[in-house]
């Protein structure tokens, strides 16, 4: 059982500057996550920041976890993705729906960095809509047999176990824990991504993989309504803070450059056009931060509005991240267009956040439905405004 360590922003900043930032370029250029980075994240308790103490966690709340995500995400999106997968997708799925045996087996191992999990949902022909999954399972006496292909699985190439979502012949969706090493399971790395290059993305193949009944997560039929919905909601919350991180980093980069770069005898930042860009970015970053904080506060209060507010935060913050990165490149000019520059890397990383854990278009639909169901005038009032 670990000792609970309070959230300390200065301590996290020191850790990020000494461990995460130096690894960011390696993650991006070499396409791998250094084992020592994973070990450091684990030894500092960050891979289990939200876990209960009994499983080696720090028991940090939603806001503390969000701020941790931002700090790490500013320095390295790949390291932030590792945090998101282990805590928000895999960790929360196990905490909410795992049996006592499953929790005891995997959560302390994640906390210590001895085992990494991966959330195997997406497929070659199914991403945003899990109902289109083709991976199947069937019961065979005291075991389940899984067959199918998963794609775009973060840390799929190095994970020690997978939470695999599959359907039976009647379309009933369930979730299973599948350990690496089981006969019929293989992984193939996917390279040449525009971002998240250090996340060991892979295709996962399951060819009649046999898993015991006790590897079922939750219960049969709970794969979508329970496990997937919970995992994606927690993932969206983490991604919202990740997008805020990129937007804030882009703002820091453009502001620092604008103060140092001399043009026409003065600072670049004093030109009206650059000052306008920075002013817009400040406004958008502050708004994104307010939305992330609101989502976190509602999650802590277990308010039912937390779900939609998380979607709003993810949608707005990811759009803000892309625009902030574009604006950073605009301010830096040719220096921002160079491959390998911080601004260029931020743009590549930001774009991915508009796609993962539900695309921006999916979030728009969810938010639009919420708006139609929540706002508007009573029918007798409409005539007053027409």
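Points worth noting:
- Answer residue from segment 188-200, given it is surrounded by fewer than 22 Cβ atoms within 10 Å (Cβ to Cβ) and under 14 Å from residue 122 (Cβ atoms) and is farthest from the chain's Cα centre (by Cα) among those: 190
- Selection of first residues in segment 150-178 that are in the same structural domain as residue 38 (by TED's automatic domain parsing) and within 24 Å of residue 219 (Cβ to Cβ) and of second residues that are part of a loop (DSSP other than H, G, I, E, B) and modelled with pLDDT under 95, restricted to Cβ pairs under 9 Å at least 6 apart or on distinct chains, gives an empty result.
- Check on residue 232, out of contact with any helix residue (DSSP H, G or I) (no Cβ under 6 Å at 6 or more places or on another chain) and in contact (Cβ under 8 Å) with a residue 40 or more places away in the chain: yes
- Test for residue 275: is it assigned by TED's automatic domain parsing to the domain that holds residue 232 and in contact with a strand residue (DSSP E or B) (Cβ under 7 Å, 6 or more places away or on another chain): no
- Within segment 137-164, the set of residues being under 26 Å from the mean Cα position of the chain (by Cα), surrounded by fewer than 18 Cβ atoms within 10 Å (Cβ to Cβ) and outside any loop (DSSP other than H, G, I, E, B) comprises 149 only.
- Complete set of residues in segment 120-136 that are in contact (Cβ under 8 Å) with a residue 12 or more places away in the chain and either out of contact with any strand residue (DSSP E or B) (no Cβ under 7 Å at 6 or more places or on another chain) or part of a loop (DSSP other than H, G, I, E, B) (or both): 121, 122, 124, 127, 128, 131, 133, 134, 135
- For segment 361-383, the criterion of being within 18 Å of the chain's Cα centre (by Cα), surrounded by fewer than 16 Cβ atoms within 10 Å (Cβ to Cβ) and assigned to a helix (DSSP H, G or I) is met by at least one residue.
- Residue in segment 107-115 that is assigned by TED's automatic domain parsing to the domain that holds residue 46, within 15 Å of residue 226 (Cβ to Cβ), modelled with pLDDT of 95 or more and assigned to a helix (DSSP H, G or I) present: no
The values are calculated or read from the model by the stated rules, or taken from the named source; none is laboratory data. What you are looking at is a predicted structure, and each value in this text was computed from that prediction instead of being measured. Cβ: placed from backbone, ideal geometry, glycine included. Neighbour counts: every protein chain shown.
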